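Quick one: the structure is below, and I'll ask about it shortly.
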Amino acid sequence: MKLSESGFLISIKRLTLNFILMMAWFSKKSGDDLVTGEIPDIDSNVTKDTKTATFSMGCFWGPDALFGSKEGVVKTRVGYAGGTKQNPTYRSLGDHTETVQIDYDPEKVTYSDLLDIFWNDHDPTTRRTTQYMTMIFYHDGEQKKFAVKSKKQMQERLDGEVKTEIVKYSKFYLAEDYHQKYQLSRSRRLYSAFKSIYPDIKDFVDSTAVARANGLVSGKGDIDIVDKLGLNEEGKELIRKSFKRAGGV
Ligand code: MHO
């Protein structure tokens with residue numbers, strides 16, 4: 001009895017050890033076997049001459065991918081804004097709203113283009129909780145002018161009242177790591193591939209390549225960009241497959 005009990009314990013230990021070794025092997029294989037080892041083309045010589053746009057339009061996962069897929073968008077990040085609570089978190093949001101922030105190259109994409117995406121990607125007339133409010137945070141007078149004008153045009157087109165609030169940008173709290181480039185994180189191998197290029201979460205979030213990949217796996221953006229993301233043939237093929245599966249054309 002004693003003996004078989006300890007035999008049982010030993011085989012449990014062995015199983016656990018095998019499992020850990022297997023996971024270690026698998027997680028190693030799931031990252032750097034998909035990359036070229038070079039910094040992605042699209043991330044070299046990134047312009048520092050960017051402007052920032054900040055929008056709230058419902059759950060921030062979708063807009064992160066959508067804006068990230070757009071040519072001229074250099075960086076995206078998701079977070080919380082609009083409220084007064086200090087250091088909000090996803091589980092303790094207080095009076096804040098899920099928000100996406102975009103750094104864009106104004107030579108390649110205009111604030112007006114971004115506003116078009118904002119209006120087209122959500123219904124600004126529905127009633128919402130504070131977490132999912134529809135808001136535009138303007139960063140300067142020029143953005144305010146465009147935002148106010150576009151809201152007016154939207155109101156003329158829609159039956160219901162456009163509930164979008166237009167307010168001056170003040171503070172943005174970066175959301176937890178697992179919310180950043182969320183669509184990409186659902187594709188574990190691709191996510192670890194990019195984490196192997198950018199182990200530091202700050203570099204990962206700020207990478208244009210990662211922003212585009214996040215768009216492509218949700219079927220958004222121009223699939224030809226796949227050649228500039230630092231992936232080898234196998235990595236590119238994985239992206240192409242996810243792009244198609246997500247309805248990308
Ligand atoms: N789609 C999610 C919302 C998450 S978003 C970060 C859900 O259905 O709970 O708010």
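What pairs come up if the first residue lies in the stretch 172-185 and is open to solvent by 50 Å² or more (accessible area, probe 1.4 Å), the second is more than 12 Å from the ligand (Cβ to nearest atom) and among the hydrophobic types (A, V, I, L, M, F, W, C), and their beta carbons are under 6 Å apart, counting only those six or more places apart or on different chains?
Asp177/Ile201
Please go through the stretch 191-249 and give me each residue that is open to solvent by 70 Å² or more (accessible area, probe 1.4 Å) and under 16 Å from Ile39 (Cα atoms), ordered by number. Give the derivation first.
As a first pass, look at the stretch 191-249 and keep what is open to solvent by 70 Å² or more (accessible area, probe 1.4 Å): 199-200, 202-203, 222, 224, 227-228, 233-234, 237, 240-241, 244-245, 249.
Residues satisfying the conditions are Pro199, Asp200, Lys202, Asp203, Asp227, Lys228, Glu233.
Kindly indicate whether Tyr132 is among the aromatic types (Phe, Trp, Tyr), surrounded by 14 or more Cβ atoms within 10 Å (Cβ to Cβ) and within 16 Å of the ligand (Cβ to nearest atom). Full working, then the answer.
Numbers: among the aromatic types (Phe, Trp, Tyr): yes; surrounded by 14 or more Cβ atoms within 10 Å (Cβ to Cβ): yes; within 16 Å of the ligand (Cβ to nearest atom): yes.
When the stated conditions are applied, Tyr132 passes them.
Within the stretch 140-148, is even one residue loosely packed, with under 15 Cβ neighbours inside 10 Å and within 25 Å of the chain's Cα centre (by Cα)?
So in the stretch 140-148, the residues loosely packed, with under 15 Cβ neighbours inside 10 Å come out as 140-142, 145, 148.
Adding the requirement that they be within 25 Å of the chain's Cα centre (by Cα) leaves 140.
Yes, the stretch 140-148 contains at least one residue that is loosely packed, with under 15 Cβ neighbours inside 10 Å and within 25 Å of the chain's Cα centre (by Cα).
To continue, here is another question. Scanning the stretch 20-46 for residues that are in a helix (DSSP H, G or I) and modelled with pLDDT of 80 or more, which turns out farthest from Asp206 (Cα to Cα)? Walk me through how you get there before you give the answer.
Filtering the stretch 20-46 for residues in a helix (DSSP H, G or I) gives 20-29, 32-34, 41-43.
Going one step further and asking which of them are modelled with pLDDT of 80 or more, we end up with 32-34, 41-43.
On the way: Asp32: 20, Asp33: 22, Leu34: 20, Asp41: 14, Ile42: 12, Asp43: 9 Å.
Per the stated criteria, the residue is Asp33.
Here's a follow-up. Mind checking which pairs have a first residue in the stretch 56-68 that is assigned by TED's automatic domain parsing to the domain that holds Ala147 and a second that is within 11 Å of the ligand (Cβ to nearest atom) and among the acidic types (Asp, Glu), Cβ under 7 Å, 6 or more apart or different chains?
Ser56/Glu98; Cys59/Glu98; Phe60/Glu98
Please work out if Glu71 is open to solvent by 60 Å² or more (accessible area, probe 1.4 Å) and over 17 Å from the mean Cα position of the chain (by Cα). Break it down stepwise before answering.
Values: open to solvent by 60 Å² or more (accessible area, probe 1.4 Å): yes; over 17 Å from the mean Cα position of the chain (by Cα): no.
In short, no.
Here is a yes/no grid of residues against (1) aromatic (Phe, Trp, Tyr); (2) free of Cβ contacts under 8 Å to residues at least 24 places away in the same chain; (3) assigned by TED's automatic domain parsing to the domain that holds Leu115:
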site: Asp140; (1), (2), (3): no, yes, yes
site: Lys144; (1), (2), (3): no, no, yes
site: Ser150; (1), (2), (3): no, no, yes
site: Asp159; (1), (2), (3): no, no, yes
site: Lys163; (1), (2), (3): no, no, yes
site: Ile166; (1), (2), (3): no, no, yes
site: Tyr169; (1), (2), (3): yes, no, yes
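Related question: Here is a check on your reading of the model: is Asp113 of a type outside the set (S, T, N, Q), closer than 16 Å to Tyr132 by Cβ, surrounded by fewer than 21 Cβ atoms within 10 Å (Cβ to Cβ) and in contact (Cβ under 8 Å) with a residue 12 or more places away in the chain? Break it down stepwise before answering.
On the way: of a type outside the set (S, T, N, Q): yes; closer than 16 Å to Tyr132 by Cβ: no; surrounded by fewer than 21 Cβ atoms within 10 Å (Cβ to Cβ): yes; in contact (Cβ under 8 Å) with a residue 12 or more places away in the chain: yes.
Spelling it out, it is not the case that Asp113 is of a type outside the set (S, T, N, Q), closer than 16 Å to Tyr132 by Cβ, surrounded by fewer than 21 Cβ atoms within 10 Å (Cβ to Cβ) and in contact (Cβ under 8 Å) with a residue 12 or more places away in the chain.
Scan the stretch 87-112 residue by residue and report those that are away from the ligand (no atom under 16 Å from the Cβ), at negative phi and not in a strand (DSSP E or B).
Once the filter is applied, which keeps residues that are away from the ligand (no atom under 16 Å from the Cβ), at negative phi and not in a strand (DSSP E or B), the stretch 87-112 yields Asp105, Pro106, Glu107, Lys108, Val109, Thr110, Tyr111, Ser112.
The values are calculated or read from the model by the stated rules, or taken from the named source; none is laboratory data. Bear in mind that the values here come from a model prediction, so they are computed numbers and not experimental data. So basically every Cβ, Gly included, is an ideal-geometry build from the backbone, and we count neighbours across all protein chains shown. These accessible areas exclude ligands, DNA and RNA; they are computed on the full protein's heavy atoms, side chains included. Shrake-Rupley method; radii C 1.70, N 1.55, O 1.52, S 1.80 Å.
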